[in-house]
1. Any chance you could get the radius of gyration and Dmax over the Cα atoms of region 233-365, in Å?
2. Within 10 Å of each candidate Cβ there may be at most 10 other Cβ atoms; applying that plus a DSSP loop requirement, which trypsin sites (Lys or Arg not before Pro) in region 100-166 survive?
3. Excluding Gly247 itself, calculate the net charge of residues whose Cβ lies under 13 Å from the Cβ of Gly247, where each Lys or Arg counts +1 and each Asp or Glu counts -1.
4. With Cβ to Cβ distances under 9 Å as the rule, what net charge do the other residues near Leu297 carry (K, R +1; D, E -1)?
5. Could you calculate the FRET efficiency of Leu178 with Arg104 from 1/(1 + (r/R0)^6), where r is the beta carbon distance between them and R0 is 60 Å, rounded to 0.05?
6. Please list, by residue number, every one of the trypsin sites (Lys or Arg not before Pro) in region 253-294 that is coil in DSSP and has at most 15 other beta-carbon atoms within 10 Å.
7. What nm distance separates the two modelled labels at Ser125 and Gln201, each placed 7 Å from Cα along Cα→Cβ?
8. Just to check, using Stokes-Einstein with a Kirkwood Rh over alpha carbon pairs, what's the diffusion coefficient of region 120-196 at 20 °C and 1.002 mPa s in µm²/s?
Amino acid sequence: MALPWSNASKSSWLNFCLRRQVPRVVFAPHQMSRRIATGIDIGTYQVKLVVVEEVADKREGRTLRVLGTGLAESKGLRHGYIVNKEEVATSIREAKRQAESIARVPIRAGFLAVGGISLDEARASGSVIISRADQEITTLDLEKAAKVAREAAAPGFLNRHVLHSIPLEYRVDRTKVLGDPVGMKGVRLEVDYLFITCLAQHEEALAEAVEDADIEIIDQMASPLAGSYVLLEGDQKMKGCVLANIGAETISIVIYDEGIPVSVKVFPMGSSQITDDIALGLRISLDEAERVKLKRLSGQMYPRKKVDDMIENRLLTMFTLIDKHLKSLARRSPLPAGIIISGGGAGVGSVTDVAKGSLKLPARLAEFRLSTDTKIRDATWAVAYGLALWGLTGDTRAPKKSLSAHFGKFFRQFLP
């Protein structure tokens, strides 16, 4: 089977990767009128649910409509880890109640974002001899090379689940292939893989909390990828860019090049550290420091220059972490599309100026494509919304338990 992209259409690679790799379910005629998916984003400070419907319009074709959203304060989490499952489940139930009330549809299943500092990445290569006598490469050769790469990376998977397996580069007889290697001829096929993983215990605890809120998980996706699905444009991904989400306690980044996510990383630092710095520097309460950070208190009460310096110093520390990671990848090319900043900490201080100076890259704030939709307030909803859109690339109903056990988490494989 040929891949869905070629040398001339490489930008469609990721969209294919995001399709669910299970047999499609045929909808009955009465079901075709409504296709609905729910995205679930459990952050350290907030739980967000977004319910999206795909609408068939004779004039405009396929359109998407946000039916409802739910927002609740997160309780029982630290750096994305669950420390109290019952409190997390209660927060999810509250967000679910709000979303159901607005959308006027029951939420029985959804797509879950997996984030937090448990996210990590591993890299490995797989090499195989072409199996056919005529030396033509087939999908079977791709599968064998992927298996070899996974086995090579396996020692690093102890106590971890592989969320996504992403092929970064193919080589046929040591020559890089720009596109689909299926159908080409050669002696040896090599493939470089990126594996995105998370702690098994963390993933299982998240899943249990969601299921305790009476929501069946259809599948899971790394939060940075879910956000990039709606916050980045195709040309940004092709030319090369970094999407950085500054959350309350973590900074998560995904790096794209030639339309492919080449790195995903999470750092244990976030905008709450800025609040801590201000509280310590001015000797005030955390609540008051938060208001100072957001410029909700008069500048006459506190020296603005001192506050701005504290904010800038912490932001500089954050972007230094990102810069160090970029250098560790030993990239051969720059990232012309620069860094795009999102998350609750994106509007703090002169964040884009600090990013430009630290990374020597263009920098701007992320723009959410649904700015006119009253149910979506800002780009902090991007992860939940991206998950729902991802769910609508296939059947949105949860599979039966037997199917789920057989196919595993079918979003996990970013098949080439």
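1. Expressed in Å, the Cα Rg and Dmax of region 233-365 come to 15.8, 49.
2. On the way: sites: Arg104, Arg108, Arg123, Arg132, Lys144, Lys147, Arg150, Arg160; in loops: Arg104, Arg108, Arg132.
Taking region 100-166 and a limit of 10 other Cβ atoms within 10 Å, the loop trypsin sites (Lys or Arg not before Pro) found are Arg104.
3. Numbers: positive: Lys48, Arg78; negative: Asp41, Glu249.
With Lys, Arg at +1 and Asp, Glu at -1, the net is 0.
4. Residues close to Leu297 contribute a combined charge of +2.
5. Values: r = 48 Å, r/R0 = 0.81.
Efficiency for this residue pair is about 0.80.
6. Values: sites: Lys265, Arg283, Arg291, Lys293; in loops: Arg283.
Those that pass, being in a loop and sparsely packed, are Arg283.
7. Here the modelled spin labels are 3.5 nm apart.
8. Values: Rh = 12.7 Å.
Calculated translational D: 169 µm²/s.
FYI, it's all coordinate maths here, none of it is from the lab. This is a predicted model, so every value here is computed, not measured. Backbone-built Cβ (ideal geometry, glycine too); neighbour counts: all protein chains shown.
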